[in-house]
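Step one of this worksheet: look at the structure below.
The values are calculated or read from the model by the stated rules, or taken from the named source; none is laboratory data. The shown structure was predicted, so the numbers you read here are calculated from the model rather than taken from an experiment. With ideal geometry, Cβ positions are generated from the backbone for all residues, glycine too; neighbour counts draw on all protein chains shown.
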């Protein structure tokens, strides 16, 4: 090495290259989630990536929908001709909090070895742990490119309030995708809602996206652990069971009896979902919930809902489905109180089995 | 060390190397090193001990200097100044307890100043009394070495550490039920102890170069290499320390920059990524299939290399900015064709230390017997003993013992094997292709032997280690 190397020249060249590379990256925004080791080196995940304790769950939450779907088993290749493809959309109860992949609703439906319309039923879990109809519509729009024959959309009243729609971090970080749904399907939301994460020029550079890039990279690495262990969430030996002794609070969020104002609910997001599927059959399910036998059970069904609000909601859903000709299954009281885990909507494997059995019974009639 | 801490340390080194250079260099190195040992010490459940442990490091180091320094140099003015700087810096750190915000230089709020001054005074009086009452002869040095080894064992033997923690909790009126091994996580002490042992033993042998207090303390707790080595030798270190510092040459800056950047990349990109999939106590029980178990083991083998050699690169790069050329610690160890060469290129400064202060003296002693052991028995004994001790350096547990045994036996087997086959291998390996074949197959076998040894190193339980062995070979 020679001593006449100019240190300042190295700095200038390095800085210039840094600016140049970042400028290209910010303008180009390469599809950094589309290339995936899943379904190539590692088996695809049975459910979308989500994790709050990455080191133990070998899973993580990220907001890159391309990367999330690329890691899912649904992305494993062309849809076989003899497959009756079913997408499950919903919240953490569909995703399967505290459940192993085979214990979830999709796992139990798949293990039942069902057939529908002369084809083998394959159910794909596209549930995601946050409660928001807009989040569901967003995931549904991504799921549609996988050519489903049926969409089963499980929901509950908690997914409807307008203020919940963008609160999901997955929604808040995907404003561009939502704008697409607004333009194409009339999804209503305020694009300037401060809850949205709007990237600055710096955020679009490589250093600005270091977290997102690292998340995509970590997701690929956790593919090793997913393949090696089959684990994608933590299963604590003990957890706090869902609350059954309740406050004597008759309010649902800010709403007081007896009026559940439909204007405060994101019915448009639900309708948008039906527009997105474009004729593909949808089975809309009011998901099972815990009905509390404990204190103030006469006022509230559970932690989430006062009785009056939930009863109104059920009436509203029945009416809405009837008017629109939707296939609607109201399974709100299907599961006994002992079959819930840490939330009024999280089921035990037995609870999921009950639900799977009920849904399986209507599948054969859901052909296009 | 977190990346932020590393960048701050490197920025300080760069500033001093480029701007200040020779001005106040020795004091800067001394004060910075003292600050860093307090700053890096993580907060501990034992109240105040994140301050007392670095303080104990300083007290032990100063005592060690005192008993190793030539008598005529101890009372030189410069040493009094250095002692004042050391005590003053520690006192200033203690006084940060009065700041209205949480101290950023200590793990938690430092203990009461009165108690600190009392301990400081007691340490000074003890030192003076020792000077008056003791002669620092070979026997005293031996006692000091044993004392230091006892302290080392107290933090490396989990059962002992637990009881020390229990005693300290009792002394400080903290919950005894909460006593645990992690109470005494004494950052950097393994390296400090081995540097001091080297000076005590060299003093005993009459080959220790004279070093003043500032030089000695800086050598022992030199901040770039405090937490992860390398274990330098004092005679080499003080040569660099005493060499006048001109403006760093571009070569120095480039080499320092390259090593530092490479170190950051190895540690924070490669090693930290591999850590996500590396074998550990949890996933060892969860993994299914021999193939995936091998992958987790490979990931661990690479992770530990990139982690450790990354830190070494960072230390070498940072010290280069300050005019030091620390010794190398790794030289492509996984590419070596046999286990002996692996150990000549893995954590080199530690193995050199053990060679100098254990293996060679023990071998000489065994050879000096009237009826020496047969050569193979002597090789087996010394190699196994050396490797088990290296295992103990990491922690006195069954798994580290097994790891040491694994390598000791491996070295012995390689020694015997190469004796048996050397002539045949030389006769067969006459073409470049054959030579390469021998080298590649040797490297593959060596890597896998080392990787299998890591099972004991990575896991805390022997039964889980054996389970992993059975999974690797399809037995479970």
Listed residues A:171, A:224, A:197, A:216; which is touching a residue at least 24 places away in the same chain (Cβ under 8 Å) and closer than 22 Å to residue A:277 by Cα?
A:171
If a residue must be more than 21 Å from residue B:228 (Cα to Cα) and buried (at least 20 other Cβ atoms within 10 Å of the Cβ), how many such residues does region B:165-199 contain?
3
Is it true that some residue in region A:18-32 is at pLDDT 85 or above and either surrounded by 20 or more Cβ atoms within 10 Å (Cβ to Cβ) or within 28 Å of the chain's Cα centre (by Cα) (or both)?
no
With (1) at the interface with chain A (Cβ under 10 Å from one of its Cβ atoms); (2) at pLDDT 95 or above; (3) not in a loop (DSSP other than H, G, I, E, B) as the list, and residue B:314 as the residue in question, which single condition is left unmet?
(1)
Only one residue in A:159, A:172 is out of contact with any strand residue (DSSP E or B) (no Cβ under 8 Å at 6 or more places or on another chain) and either farther than 30 Å from residue A:300 by Cβ or crowded, with 24+ Cβ neighbours inside 10 Å (or both), so which one is that?
A:159
Here are some residues: B:290, B:299. Which one is surrounded by fewer than 17 Cβ atoms within 10 Å (Cβ to Cβ), touching a residue at least 24 places away in the same chain (Cβ under 8 Å) and within 14 Å of chain A (Cβ to nearest Cβ)?
B:290
Which of the residues belonging to region B:367-380 are part of a helix (DSSP H, G or I) and in contact with a helix residue (DSSP H, G or I) (Cβ under 7 Å, 6 or more places away or on another chain)?
B:376, B:378, B:379, B:380
For the list (1) within 21 Å of residue B:315 (Cα to Cα); (2) surrounded by fewer than 20 Cβ atoms within 10 Å (Cβ to Cβ), I need the number of the one condition that residue B:212 fails.
(1)
Return the pair list, or none, for Cβ contacts closer than 7 Å from residues in region B:115-137 that are closer than 14 Å to residue B:60 by Cα to residues that are surrounded by 11 or more Cβ atoms within 10 Å (Cβ to Cβ), at least 6 apart or on different chains.
B:120/B:87; B:123/B:59; B:127/B:63; B:127/B:66
Residues in region B:346-366: is at least one more than 23 Å from the chain's Cα centre (by Cα), crowded, with 17+ Cβ neighbours inside 10 Å and not in a helix (DSSP H, G or I)?
no
Of all residues in region A:242-271, which are surrounded by 12 or more Cβ atoms within 10 Å (Cβ to Cβ), touching a strand residue (DSSP E or B) at 6+ places or on another chain (Cβ under 8 Å) and over 30 Å from residue A:322 (Cα atoms)?
A:242, A:246, A:247
I need the full set of residues from region A:222-241 which are buried (at least 19 other Cβ atoms within 10 Å of the Cβ) and either more than 14 Å from every other protein chain (Cβ to nearest Cβ) or over 21 Å from the mean Cα position of the chain (by Cα) (or both), in order please.
A:224, A:225, A:227, A:228
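Each row is one residue, and each column tells you yes or no for (1) under 18 Å from the mean Cα position of the chain (by Cα); (2) in contact (Cβ under 8 Å) with a residue 24 or more places away in the chain.
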{"site": "A:16", "(1), (2)": "no, no"}
{"site": "A:41", "(1), (2)": "no, yes"}
{"site": "A:44", "(1), (2)": "yes, yes"}
{"site": "A:84", "(1), (2)": "no, yes"}
{"site": "A:89", "(1), (2)": "yes, yes"}
{"site": "A:103", "(1), (2)": "yes, yes"}
{"site": "A:110", "(1), (2)": "no, no"}
{"site": "A:114", "(1), (2)": "no, yes"}
Report, by residue number, each residue of region B:263-287 that is without any contact (Cβ under 8 Å) to a residue 24 or more places away in the chain, within 9 Å of chain A (Cβ to nearest Cβ) and part of a helix (DSSP H, G or I).
B:273, B:282, B:283, B:286
Only one of B:411, B:438, B:444, B:402 that is surrounded by fewer than 17 Cβ atoms within 10 Å (Cβ to Cβ) and at pLDDT 95 or above:
B:444
